[in-house]
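Visitor: Starting off with a structure, shown below.
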Amino acid sequence: MRILVTGGAGFIGSHLVRRLLTGGDNFVVNLDALRYSGNLENLTDVAGHSRYTFVLGDICDATTVEKVLKEHGVKVVINCAAETHVDRSILDPNSFARTDVVGTAVLLEEARKAGVARFLQVSTDEVYGSVETGWSKEGDPLAPRSPYSASKAGGDLLVRSYWTTYRFPVLITRGSNTYGPNQYPEKFIPLFATNAIDDQPLPLYGDGRHRRDWLSVFDHCRGIEHVLFHGEPGCVYNIGGGNERENIAVAELILKILGKPMNLIRLVQDRPGHDRRYALDCARLQALGWAPTVLFEDGLKETVEWYRTNQTWWRKITSGEFRTYYERLYRQRLQGAG
Ligand code: DAU
């Protein structure tokens with residue numbers, strides 16, 4: 001199968017590209033704009049693979065997308081390209097609307113015109129908003145609360161409209177908080193692991209009792225692949241890890257794994273509009289034959305170990321743009337503007 005993965009140099013995208021190449025006989029084209037978190041070093045092991053092609057380009061650019069779809073005879077599109085970090089969306093909301101809404105619209109329309117056989121949109125549990133109790137089902141109303149989740153919800157609605165309007169065979173996956181190797185160290189687990197390695201404080205937002213459901217990137221990619229091949233067109237599938245934890249418990253586990261003192265944890269000013277809890281009902285995908293396989297404690301240990309042994313990968317990031325971004329965030333929080 002000839003598959004286009006957009007955002008294939010990012011965290012989830014790069015794991016997905018590797019998975020699609022190693023099982024079966026897929027040809028994979030990776031279209032990535034290589035913005036701050038897209039990193040070709042995530043794919044050095046498959047860069048020379050005979051069934052893999054990298055194209056530098058933006059999903060907002062219809063001409064590029066049209067050309068890639070045509071030249072490579074793409075039959076399936078998986079859209080992983082997105083702006084994904086909530087804190088960044090608070091500082092710079094427009095870039096989220098651009099990539100996550102406009103980019104999705106451009107990609108969808110070009111894919112429809114090219115007669116693509118399947119279009120899978122990689123989305124997020126955040127579109128359901130904060131759920132204080134219970135578990136979000138695929139049919140629940142969308143109630144996003146940050147510029148990030150609102151932009152992803154906008155993308156989801158466009159994708160769904162292509163099914164109802166054109167019967168274009170779309171699928172949507174909504175994953176929970178994903179963790180694993182190669183995740184940009186602005187997200188909670190890699191930020192806390194890399195800070196702890198350097199004996200730096202771990203900035204825990206608010207009271208630290210917010211809850212997230214942690215999903216290994218390997219299970220997430222298995223889920224996306226499962227939906228791609230077995231999902232029903234027009235349908236949405238939740239993908240959750242079944243590992244709901246309070247943030248403070250995860251921070252403590254990371255410190256325990258690294259043998260660092262608990263007093264590195266610092267309670268800091270909360271993220272504005274911080275969603276208290278996400279939780280997914282995954283019965284629909286489980287009925288299709290998928291279940292998570294990675295135990296959180298094992299997956300976290302392996303991930304933290306990866307950051308301990310791959311310091312060259314993340315130190316290039318923490319010494320550059322990442323540092324400026326975090327300084328800006330902290331300045332804003334100190335001024336009380338955040
Ligand atoms: O739920 C799926 C979503 O998970 C994905 O769609 C998003 O792309 C991804 O960014 C993630 O969103 P979160 O906001 O939940 O992830 P983040 O890693 O930013 O934060 C996880 C939790 O940890 C959240 O409650 C905020 C908290 N946190 C985060 C950071 C970066 C802190 O307490 N301190 C921090 O410095």
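The values are calculated or read from the model by the stated rules, or taken from the named source; none is laboratory data. Quick caveat, the model's predicted, so the values are computed rather than measured. Because the Cβ atoms are built from the backbone with ideal geometry, glycine has one as well, and the counts that use them run over all protein chains shown. Ligands, DNA and RNA are excluded from the accessible area calculation, which covers all protein heavy atoms including side chains. Shrake-Rupley method; radii C 1.70, N 1.55, O 1.52, S 1.80 Å.
Visitor: In terms of modelled amide H atoms, which long-range or inter-chain residues lie less than 5 Å from the amide H of Val268?
Guide: So Val268 has HN proximity to Leu204, Tyr205, Gly206.
Visitor: Another question, if that's okay. Give me the distance in nm between label points sitting 7 Å out from Cα along the Cα-to-Cβ direction at Arg328 and Asp207, one decimal.
Guide: So the label points at Arg328 and Asp207 sit 3.2 nm apart.
Visitor: Okay, moving on. I'd like to check one number: the per residue accessible area of the chain, probe 1.4 Å, reported in Å² as a whole number.
Guide: 41 Å²
Visitor: Another one. Of all accessible surface on the chain at a 1.4 Å probe, what whole percent is carbon and sulfur?
Guide: 52 percent
Visitor: What do you reckon, how do Arg245, Arg35 stack up by accessible area (1.4 Å probe), largest on top?
Guide: In descending accessible area the options line up as Arg35, Arg245.
Visitor: Going by alpha carbons, how many degrees (0 to 90, nearest 10) lie between the helix axis of 104-113 and the longest principal axis of the chain?
Guide: Approximately 20 degrees, to the nearest ten.
Visitor: How charged is the neighbourhood of Tyr162? Take every other residue with its Cβ under 14 Å from the Cβ of Tyr162, and add Lys/Arg as +1 and Asp/Glu as -1.
Guide: +2
Visitor: A further question follows. To test your reading of the geometry: what angle, between 0 and 90 degrees and rounded to tens, separates the Cα axis of helix 188-197 from the longest principal axis of the chain?
Guide: With both axes taken from Cα atoms, the answer is about 50 degrees.
Visitor: State the extension gain, in nm to one decimal, for the chain segment bounded by Thr53 and Lys70, taking 0.36 nm per residue of separation less the distance between their alpha-carbons.
Guide: 4.7 nm
Visitor: Moving to a separate point now. Assigning unit charges at the beta carbon (Lys, Arg +1; Asp, Glu -1) and nothing else, what dipole magnitude in debye, to the nearest 20, does the chain show about its Cα centre?
Guide: With only Lys, Arg, Asp and Glu charged at Cβ, the dipole is about 200 debye.
Visitor: Here is a follow-up. Could you work out the local net charge near Glu327, counting Lys and Arg as +1, Asp and Glu as -1, over the other residues with Cβ closer than 12 Å to its Cβ?
Guide: Neighbourhood net charge equals +3.
Visitor: Answer rounded, prolate or oblate for region 12-95, using the Cα gyration tensor with square roots of eigenvalues a ≥ b ≥ c: rounded when a/c is under 1.5, else prolate when a/b is larger than b/c, else oblate.
Guide: oblate
Visitor: If the cut-off is a Cα-Cα distance under 17 Å, which aspartates and glutamates reach Lys113, setting aside same-chain residues fewer than 8 apart in sequence?
Guide: Asp61, Glu66, Glu71
Visitor: Under a 1.4 angstrom probe, counting protein chains only, how are Arg174, Arg308 ranked by accessible area, largest first?
Guide: Reading off the accessible areas and sorting them downward yields Arg308, Arg174.
Visitor: Would you check the accessible area of Thr63, probe 1.4 Å, heavy atoms only, in square angstrom rounded to 10?
Guide: The accessible area of Thr63 comes to roughly 100 Å².
Visitor: Determine the percent antiparallel among the DSSP beta bridges restricted to the chain, to the nearest 5.
Guide: Counting only bridges with both partners in the chain, antiparallel ones make up about 10 percent.
Visitor: Grab the beta carbon distance between Ala62 and Met262, set R0 = 45 Å, and tell me the FRET efficiency rounded to 0.05.
Guide: 0.30
Visitor: Run the dipole for region 200-338 about the Cα centre, Lys and Arg Cβ at +1, Asp and Glu Cβ at -1, nothing else charged, and hand back the magnitude in debye, nearest 20.
Guide: Taking the Cα centre of region 200-338 as origin, the dipole is about 700 debye.
Visitor: Where the centroid of each part is defined by its Cα atoms, how far is region 223-272 from region 294-332 in Å?
Guide: Going from one Cα centre to the other spans 15 Å.
Visitor: Leaving ligands and nucleic acids out of the surface, order Leu258, Leu157, Leu108 by accessible area at 1.4 Å, largest first.
Guide: Solvent-accessible surface, decreasing: Leu157, Leu258, Leu108.
Visitor: Something else about it: Ratio of the chain's C-alpha Rg to 2.2 N^0.38 Å, to two decimals? Provide the component values of the computation, followed by the final result.
Guide: Values: Rg = 19.1 Å, N = 338, 2.2 N^0.38 = 20.1 Å.
Dividing the Cα Rg of the chain by 2.2 N^0.38 Å gives 0.95.
Visitor: Could I ask something else about it? What is the chain's relative contact order, in percent, from Cα pairs under 8 angstrom and six or more apart in sequence?
Guide: Averaging sequence separation for qualifying contacts and normalising by length gives 16 percent for the chain.
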